[in-house]
Amino acid sequence: MVATVRIRQWPTPIGLGPGQVVLEAALNAGVPYPFGCQSGNCGACKSLLIAGSVELAEHSEFALTDEEKAQGLVLACRSMADDDIEIAWIEGEDLALHAQRRLDCRVAALDRLTHDITGVTLAIGSGGPFAFTAGQFVRVTFPGQKTRDYSMANRLEEPNLVFHIRHMQGGAVSAFVADELEVGMPVVVEGPNGIAHFKEAHTGPILALAGGSGLAPVASIVETALAKGRRGPIHLYFGARDERDIYLEGRFRALAEKHPNLSYTVVLSQPSGPTSRRTGFLHEAVAADFPSLDGAKAYVAGPPVMVDAMTPVLVARKMRREDIHADAFYTEADKPKATA
């Protein structure tokens, strides 16, 4: 141990090892610290440094601006210290903090959503009650596999947990899910985590922007908003490469017919043949459709390149940065180089 970390919201000091970041030490100690990408790109673990000093590893300007650093803010996932520090994660009225649970589950159903995305439905056996806010994620451990983070696609009121898991090239866990996972197998779920979740107090327009399996948390947010009687405009955009990458289209078109305030748009970036759908990149479609987004909130989930491209488009259309709730789906291979 090289330093002691006192966390304002936690009663017991924790130890910080050589080269260890504050977030890792906190999570290892069982602290329910808010976090997201763990790569200095999302800002979910933004914190106030109350005492002491830290060394900040590379991070994105979106996650932590120079102005915020001047105000004493840091990112727990990028903060290392050689001496004792005191820190507090940023709390807000709309920050969802639920009891951390370890759930023993079983696979209840497997559905082939696309050629490379599997829908995994888990029935909770023990460890509950489990609460989460739409848009959050959990840590999932399949039999004999390393733990991975996946976002819930279901609403809280539904009895089972649903995930959309894409088979990533070279990904051992996603390959196991695609080829070996079977109904009845035990699965451990821990969480929830994440701050890119539904903000119920907001009553303005919603932009729900999903790329690939990023549709999972976005679907949870959209369906939760509708179930809670949200009457303001909800614009759901789904970006995919080609026709074979589109899924749950019938479900969302049916929802749009039932709820006049919901619009649903598919954008194909690499169609293999002639198509009547919109083409191009998702951020280009949003830029063309909205001259101003003042007062709106955006929930963005999917590949990091899509999330990164979307942010300046939203800001240029007068959306406040604090109204952009982004969840970039970094692969395990991507995480070490995410801030390079």
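I'm trying to understand the selection: among the residues of the range 223-241, which are surrounded by 15 or more Cβ atoms within 10 Å (Cβ to Cβ) and farther than 18 Å from residue 155 by Cβ? Before you say what the answer is, go through the steps one by one.
Start the filter on the range 223-241 by keeping residues that are surrounded by 15 or more Cβ atoms within 10 Å (Cβ to Cβ), which leaves 223-226, 230, 234-240.
Scanning the range 223-241 gives 235, 237, 238, 239, 240.
Quick check on this structure: which one of 225, 296, 285, 301 is within 20 Å of residue 116 (Cα to Cα) and touching a strand residue (DSSP E or B) at 6+ places or on another chain (Cβ under 9 Å)?
301
Among the residues of the range 60-96, write down those that are touching an Asp or Glu at 6+ places or on another chain (Cβ under 8 Å) and aliphatic (A, V, I, L, M).
Hits for the range 60-96 are 80, 81.
Scan (1) out of contact with any helix residue (DSSP H, G or I) (no Cβ under 8 Å at 6 or more places or on another chain); (2) under 22 Å from residue 4 (Cα atoms); (3) at pLDDT below 90 for the single condition residue 89 breaks and write down its number.
It fails just one condition, (1).
Which count do you get for residues in the range 67-80 that are surrounded by fewer than 22 Cβ atoms within 10 Å (Cβ to Cβ) and either of a type in the set (Ser, Thr, Tyr) or within 20 Å of residue 12 (Cα to Cα) (or both)? Can you show your working first?
Within the range 67-80, the first condition is being surrounded by fewer than 22 Cβ atoms within 10 Å (Cβ to Cβ), and the residues that meet it are 67-73, 80.
Subsequent filtering for residues that are either of a type in the set (Ser, Thr, Tyr) or within 20 Å of residue 12 (Cα to Cα) (or both) retains 80.
Number of matching residues: 1.
Please go through the range 249-298 and give me each residue that is over 22 Å from the mean Cα position of the chain (by Cα) and of a type in the set (Val, Ile, Thr), ordered by number.
275, 279
So which of 240, 298, 285 ends up being touching a residue at least 40 places away in the same chain (Cβ under 8 Å) and under 26 Å from residue 39 (Cβ atoms)?
Working: 240 fails: touching a residue at least 40 places away in the same chain (Cβ under 8 Å); 285 fails: under 26 Å from residue 39 (Cβ atoms).
Answer to the selection: 298.
Here is a check on your reading of the model: is residue 195 closer than 18 Å to residue 36 by Cα, of a type outside the set (Phe, Trp, Tyr) and in contact (Cβ under 8 Å) with a residue 60 or more places away in the chain? Talk me through it step by step, then tell me what you get.
Working: closer than 18 Å to residue 36 by Cα: yes; of a type outside the set (Phe, Trp, Tyr): yes; in contact (Cβ under 8 Å) with a residue 60 or more places away in the chain: yes.
Answer is yes for this residue.
Among all residue pairs at least 6 apart or on different chains, which show Cβ distances below 8 Å where the first residue, located in the range 108-133, is in contact (Cβ under 8 Å) with a residue 24 or more places away in the chain and the second is acidic (Asp, Glu) and assigned to a loop (DSSP other than H, G, I, E, B)?
Within 8 Å, the pairs are 110/182.
Just checking, does the range 78-91 include any residue being within 18 Å of residue 194 (Cα to Cα) and assigned to a strand (DSSP E or B)?
So in the range 78-91, the residues within 18 Å of residue 194 (Cα to Cα) come out as 78, 88-91.
Then drop every residue that is not assigned to a strand (DSSP E or B), which leaves 88-89.
Yes: one or more hits.
Restricting the search to the range 35-66, which residues are more than 27 Å from residue 300 (Cα to Cα) and either surrounded by fewer than 16 Cβ atoms within 10 Å (Cβ to Cβ) or in the same structural domain as residue 322 (by TED's automatic domain parsing) (or both)? Spell out how you get there, then give the answer.
The initial filter retains those residues of the range 35-66 that are more than 27 Å from residue 300 (Cα to Cα), namely 49-55.
50, 51, 53, 55, listed by residue number.
I need the full set of residues from the range 133-152 which are over 13 Å from the mean Cα position of the chain (by Cα) and either assigned to a loop (DSSP other than H, G, I, E, B) or more than 20 Å from residue 328 (Cβ to Cβ) (or both), in order please.
Matches in the range 133-152: 141, 142, 143, 144, 145, 146, 147.
Only residues that are over 16 Å from residue 234 (Cα atoms) and surrounded by 15 or more Cβ atoms within 10 Å (Cβ to Cβ): list them for the range 247-270, please.
247, 248, 267, 268, 269
Go over the candidates 166, 155, 148, 139 one by one and state the one that is closer than 13 Å to residue 102 by Cα and either assigned by TED's automatic domain parsing to the domain that holds residue 219 or among the basic types (Lys, Arg) (or both). Steps first, answer last, please.
Values: 166 fails: closer than 13 Å to residue 102 by Cα; 155 fails: closer than 13 Å to residue 102 by Cα; 148 fails: closer than 13 Å to residue 102 by Cα.
Checking each option against the conditions leaves just 139.
Are any residues in the range 121-132 surrounded by fewer than 22 Cβ atoms within 10 Å (Cβ to Cβ) and not in a loop (DSSP other than H, G, I, E, B), and if so, which ones?
Kept after step one, since they are surrounded by fewer than 22 Cβ atoms within 10 Å (Cβ to Cβ), are these residues of the range 121-132: 121, 123-131.
Hits for the range 121-132 are 121, 123, 124, 125, 126.
The values are calculated or read from the model by the stated rules, or taken from the named source; none is laboratory data. From a predicted model like this one, the values you see are computed outputs, not experimental measurements. Heads up, the Cβs are rebuilt from the backbone with ideal geometry, glycines too, and the neighbour counts pull from every protein chain shown.
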